[in-house]
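Peer 1: What follows is a structure written as structure tokens; I'll ask about it next.
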Amino acid sequence: MNNAQILVKPLVTEKMQKITDKYKQFGFLVHTAATKPQIIEAVEKMYDVKVAGISTMKYGGKMVTRQTKKGIFSGRKSAFKKAIITLQEGQTIDFYANI
């Protein structure tokens, strides 16, 4: 897997922004088969920073049921993996620089 396949997208939510402001941690959705060393390497190469720590979480897909005029449809949302990256002191990632 290359770096673009490992990092799916950055997490840019209100909750993640509060964590970033308070603890200097950044969140990413990552490929479900990616390991911690692969994620660290991908973040360091893509954003040119040094990673101090990492936590990963796997989420299972949830069951979803929707009622429509044509009947009841049920399905499953896809599973995903989330990584929370702690950077070394004095470093930061600017997700909005390329907008």
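The values are calculated or read from the model by the stated rules, or taken from the named source; none is laboratory data. In this text the structure is predicted, and so the values were computed from the model without any measurement. Cβ: placed from backbone, ideal geometry, glycine included. Neighbour counts: every protein chain shown.
Peer 1: Which residue pairs have Cβ atoms closer than 6 Å, lie 6 or more positions apart in sequence or on different chains, and pair a first residue in region 1-22 that is at pLDDT 90 or above with a second residue that is of a type in the set (S, T, N, Q) and in a helix (DSSP H, G or I)?
Peer 2: I6/Q38
Peer 1: Follow-up. Applying the selection to region 7-50, what residues are basic (K, R) and either part of a loop (DSSP other than H, G, I, E, B) or touching a Lys or Arg at 6+ places or on another chain (Cβ under 6 Å) (or both)?
Peer 2: Once the filter is applied, which keeps residues that are basic (K, R) and either part of a loop (DSSP other than H, G, I, E, B) or touching a Lys or Arg at 6+ places or on another chain (Cβ under 6 Å) (or both), region 7-50 yields K24, K50.
Peer 1: So, in region 70-99, of the ones that are in contact (Cβ under 8 Å) with a residue 60 or more places away in the chain and aliphatic (A, V, I, L, M), which residue ends up surrounded by the most Cβ atoms within 10 Å (Cβ to Cβ)?
Peer 2: Result: I85.
Peer 1: Considering each residue of region 12-31, count those that are within 21 Å of S78 (Cβ to Cβ), surrounded by 12 or more Cβ atoms within 10 Å (Cβ to Cβ) and out of contact with any Ser or Thr (no Cβ under 9 Å at 6 or more places or on another chain), and give that number.
Peer 2: 5
Peer 1: Working only within region 1-40, note down all residues that are closer than 19 Å to G90 by Cα and either in contact with a Cys (Cβ under 7 Å, 6 or more places away or on another chain) or among the acidic types (D, E) (or both).
Peer 2: The answer is D21, and nothing else.
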